[in-house]
Amino acid sequence: MKIAFCLTFLLSAALAANIKITPTVDSKDIEIPESFDARTNWPECSKLISEIADCGACDTEWAVAVASAASDRRCIASGGSLQVPVSAANLMSCCTQCGGDMKKAWNYWAKNGIVTGGRYQSDLGCIPYTASMCDHFYQVRETECFNQFCIQPECTGTCATKSGLNYTNELTYGESRAETFETVEDIQREILQNGPVTASIEKFVDFPFYREGIYYHASGKSIGGHSLRLLGWGTENNEAYWIAANAWNEDWGEKGIIRIRRGVNECNIESGVYAAKPKL
Ligand SMILES: *[C@@H]1O[C@H](CO)[C@@H](O)[C@H](O)[C@H]1NC(C)=O
């Protein structure tokens, strides 16, 4: 009787929690190449995938990473016909419950939707980005980010007046909630099949000053979390790396890209990977 009760209890608990077991990838058989780069693999979306964002004076790398990866995925899934990006500005101003958490941001996309919107002054989509480019740690631009204010749109449910677009009609959605990928191979298969994913990392004091090469944390203490978009991987001099896009414009790193050690969970890069498929 005890066992019967236990089973019933477990079953109802599982039903109540709406537990659904879904495979994290479509196929375990897909072969993983030595190197891969989403920018060259999908030439019809290369322009979009290659675009390096600038979060400006806002600490909104999380919103930029999710919106950019969502844009890439819509383009890829549509065979290149959906080229207008998903708005990072809309995500950062409307998802107040996100708190910088990219898993929540992907879930928000599925549940609430995010309107279209390109980069700052692009006049593209419903809500283009609202903060201007600035200098992130390199001192190559006149306007330093720390001297600027973060300019965010209000979450009003309307498109930028200039766009002339209808907010409801401009909403894009994720097909399902955030999926997570827990091994290097699972992350690779997901990028191979559906395009870029987002990764959170622990940011150490040496990270902002990265210039080139394959990054690993060498010195200094942690200064919090950071968000990146993973575009692919490769190997150089026997060292495996991820290709990750940052949101600090093209002055930073290798034209906006940082290559990070792969396979050793460097800065926890392999333990906070999320993405969702787009709803077309
Ligand atoms: C926007 O589009 C929706 C759905 O097509 C429509 O119901 C709504 O009235 C439109 N809003 C405006 C302000 O035109």
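The values are calculated or read from the model by the stated rules, or taken from the named source; none is laboratory data. Keep in mind it's a predicted model, so treat the numbers as computed, not measured. Ideal geometry is used to build each Cβ from the backbone, glycine not excepted, and the neighbour counts take in all protein chains shown. SASA here: full protein model, heavy atoms, side chains in, ligands and nucleic acids out. Shrake-Rupley method; radii C 1.70, N 1.55, O 1.52, S 1.80 Å.
When the chain is treated as a GNM with alpha-carbon contacts under 10 Å, the residue of ALA240, ALA38, ALA70 showing the greatest mean-square fluctuation is ALA240. The GNM of the chain, with springs linking C-alpha atoms under 10 angstrom apart, assigns the highest mean-square fluctuation among ASN90, ASN112, ASN246 to ASN112.
Here the accessible area is traced with a 1.4 Å probe on the protein chains. For the range 34-279, carbon and sulfur cover 46 percent of it. Close Lys pairs in the chain, defined as Cα atoms under 15 Å apart and 8 or more places apart or on different chains, number 7. Take the range 34-279 with all the other protein chains still there, run a 1.4 Å probe, and you get 44 Å² of accessible area per residue.
Taken about its Cα centre, the chain carries a charge dipole of roughly 920 debye when the Cβ of each Lys and Arg holds +1 and the Cβ of each Asp and Glu holds -1. The listed residues MET133, MET92 rank as MET133, MET92 when sorted by accessible area, largest first, using a 1.4 Å probe. With the charge dipole of the range 34-279 set up from +1 on Lys and Arg Cβ and -1 on Asp and Glu Cβ about the Cα centre, the Cα lying farthest toward the positive end among the listed residues THR60, LEU82, TRP248 is that of LEU82. Sites listed here are GluC sites (Glu not before Pro) in the range 60-161 whose DSSP assignment is loop and whose Cβ has at most 11 other Cβ atoms within 10 Å: GLU142, GLU154. Taking ASN107, ASN237, ASN147 as the candidate residues, the one with maximal mean-square fluctuation in a Gaussian network model of the chain, Cα springs under 10 Å, is ASN237. On a per residue basis, the convex hull of the C-alpha atoms belonging to the chain measures out at 161 Å³.
Under a Cβ-Cβ cut-off of 14 Å, what is the net charge of the residues other than GLN139 that fall near it, where Lys and Arg count +1 and Asp and Glu count -1?
Here the charged neighbours net out to -2.
Assuming R0 = 35 Å, what is the FRET efficiency of GLN121 and VAL205, from their Cβ-Cβ distance, to the nearest 0.05? The partial results should precede the final answer.
Numbers: r = 32 Å, r/R0 = 0.93.
Rounded to the nearest 0.05, the efficiency is 0.60.
Annotation for the range 92-128 versus the range 215-280: alpha-carbon center distance of 21 Å.
Of the trypsin sites (Lys or Arg not before Pro) found in the range 203-276, those in coil by DSSP whose Cβ has at most 15 other Cβ atoms within 10 Å are ARG211, LYS221, LYS255. Across the range 55-166, the relative contact order, built from alpha-carbon pairs under 8 Å that are at least six residues apart, equals 29 percent.
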